[in-house]
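Notes for the one structure printed next.
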Amino acid sequence: MNVVITGASSGIGRAMVKTFARKGHAVLAVARRKERLLALCQEMADECEANVHFLALDLTSQSASQTLYEEAVRVFGKVHVLINNAGMSPYQKFCDLNHEHLCQTISLNTLALTELCHLFMPHMLAHGEPSHVVNVGSVGGYAPLPNFAVYTGTKHYVRAFTNMLHHEYRGSNIQVSALHPGGIITEFAELAGQRLKESAQSGMMTPEQFAEKAYPAILKGNRVIVPGIVGKLAVLIGKFLPFPWAIRVTEFIYGQTVDETDPTYSL
């Protein structure tokens, strides 16, 4: 299977590239940071002679989704797996958000993801071979996350949108899954403006552990994939507690596990 993975320069995306490549898949790794993608391709070539390509691209730029689609078809001919992993959000109250960050978050988390589904799914239907679309949401699509109003909103969209795609294309050659991370040690927190307290990290998963658990569930076509105990607990909080209780619980958890710093996303 030929695989396209966005947000591939670090964290979950990078771990997904390595997991799929080690298991014999050809991968196109997509992210903004070219030097990191080059290093990842070289690492995988040295380790297992993996067939990993890269595309340095800002998915929030004009026509980026079309550029990615055309490059993937040029490289592979047929694409069988699309993993929409790229995402961002500063950890700030809504009115404190920089306007550009606000627009980037909505564009990357929802618009680019939707456009890529709209481009790749007809391609997958046309070639007719078993295929998978994986939209990476968040436990924030279930549980309210303090100081993440826009991020949480976008992840609710991803959850609902992916559920509908799974339903609409059931019985076709495309299996659609929503992958909801929670409690993963990546640079997302630092970029967002969070410093994880040492006590918080003991119960968290590495991106590599997360990717290994997600991989078989993706190939099974599971509609919802939530690896790890922390993620499953967050989903339960969002599902079964009324909002006023759920937000108090998550605010307490964040207060015990996170210190606020300045977001480090570029403008």
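The values are calculated or read from the model by the stated rules, or taken from the named source; none is laboratory data. Just so it is clear, the structure is predicted and the values come from calculations on it, not from any experiment. With ideal geometry, Cβ positions are generated from the backbone for all residues, glycine too; neighbour counts draw on all protein chains shown. Just so you know, the surface numbers come from the protein's heavy atoms only, side chains and all, with ligands and any DNA or RNA stripped out. Shrake-Rupley method; radii C 1.70, N 1.55, O 1.52, S 1.80 Å.
Only a single item in (1) closer than 29 Å to residue 173 by Cβ; (2) modelled with pLDDT under 95; (3) under 19 Å from the mean Cα position of the chain (by Cα); (4) of a type in the set (A, V, I, L, M, F, W, C) is not met by residue 88, and it is number (1). For residue 123, are the conditions met, namely being open to solvent by 40 Å² or more (accessible area, probe 1.4 Å), on the phi < 0 side of the Ramachandran plot and assigned to a helix (DSSP H, G or I)? No; evaluated as a whole, the condition is false for this residue. Regarding segment 212-234, can at least one residue be identified that is farther than 16 Å from residue 109 by Cα, open to solvent by 40 Å² or more (accessible area, probe 1.4 Å) and assigned to a loop (DSSP other than H, G, I, E, B)? Yes, because at least one residue in segment 212-234 is farther than 16 Å from residue 109 by Cα, open to solvent by 40 Å² or more (accessible area, probe 1.4 Å) and assigned to a loop (DSSP other than H, G, I, E, B). Of the residues that make up segment 187-198, is at least one of a type in the set (Asp, Glu), touching a Ser or Thr at 6+ places or on another chain (Cβ under 9 Å), part of a loop (DSSP other than H, G, I, E, B) and modelled with pLDDT under 95? Within segment 187-198, one or more residues are of a type in the set (Asp, Glu), touching a Ser or Thr at 6+ places or on another chain (Cβ under 9 Å), part of a loop (DSSP other than H, G, I, E, B) and modelled with pLDDT under 95.
When you scan segment 129-157, how many residues do you find that are polar (S, T, N, Q), in contact (Cβ under 8 Å) with a residue 24 or more places away in the chain and either assigned to a helix (DSSP H, G or I) or buried (at least 24 other Cβ atoms within 10 Å of the Cβ) (or both)?
Looking only at that region, the number is 4.
Only one of the numbered conditions (1) out of contact with any helix residue (DSSP H, G or I) (no Cβ under 7 Å at 6 or more places or on another chain); (2) over 15 Å from residue 81 (Cβ atoms) is violated by residue 230, and that is (1). Take the conditions (1) of a type in the set (Val, Ile, Thr); (2) in contact with a helix residue (DSSP H, G or I) (Cβ under 6 Å, 6 or more places away or on another chain); (3) under 27 Å from residue 266 (Cβ atoms); residue 174 misses just one of them, which is (3).
The rows are residues; the columns are (1) more than 20 Å from residue 25 (Cβ to Cβ); (2) modelled with pLDDT under 95.
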{"site": "98", "(1), (2)": "yes, yes"}
{"site": "111", "(1), (2)": "yes, no"}
{"site": "115", "(1), (2)": "yes, no"}
{"site": "124", "(1), (2)": "no, no"}
{"site": "145", "(1), (2)": "yes, yes"}
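Given the conditions (1) at pLDDT below 95; (2) assigned to a loop (DSSP other than H, G, I, E, B); (3) open to solvent by 30 Å² or more (accessible area, probe 1.4 Å); (4) of a type outside the set (S, T, N, Q), and given that residue 78 satisfies all but one, which numbered condition is not satisfied? Just one mismatch for residue 78, condition (1).
Annotation for segment 65-72: at least one member residue is of a type in the set (Asp, Glu), free of Cβ contacts under 8 Å to residues at least 12 places away in the same chain and within 25 Å of residue 123 (Cα to Cα). Every listed requirement among (1) within 12 Å of the chain's Cα centre (by Cα); (2) farther than 21 Å from residue 228 by Cα is met by residue 155 save one, (2). For segment 168-181, a tally of residues being in a loop (DSSP other than H, G, I, E, B) and open to solvent by less than 10 Å² (accessible area, probe 1.4 Å) returns 1.
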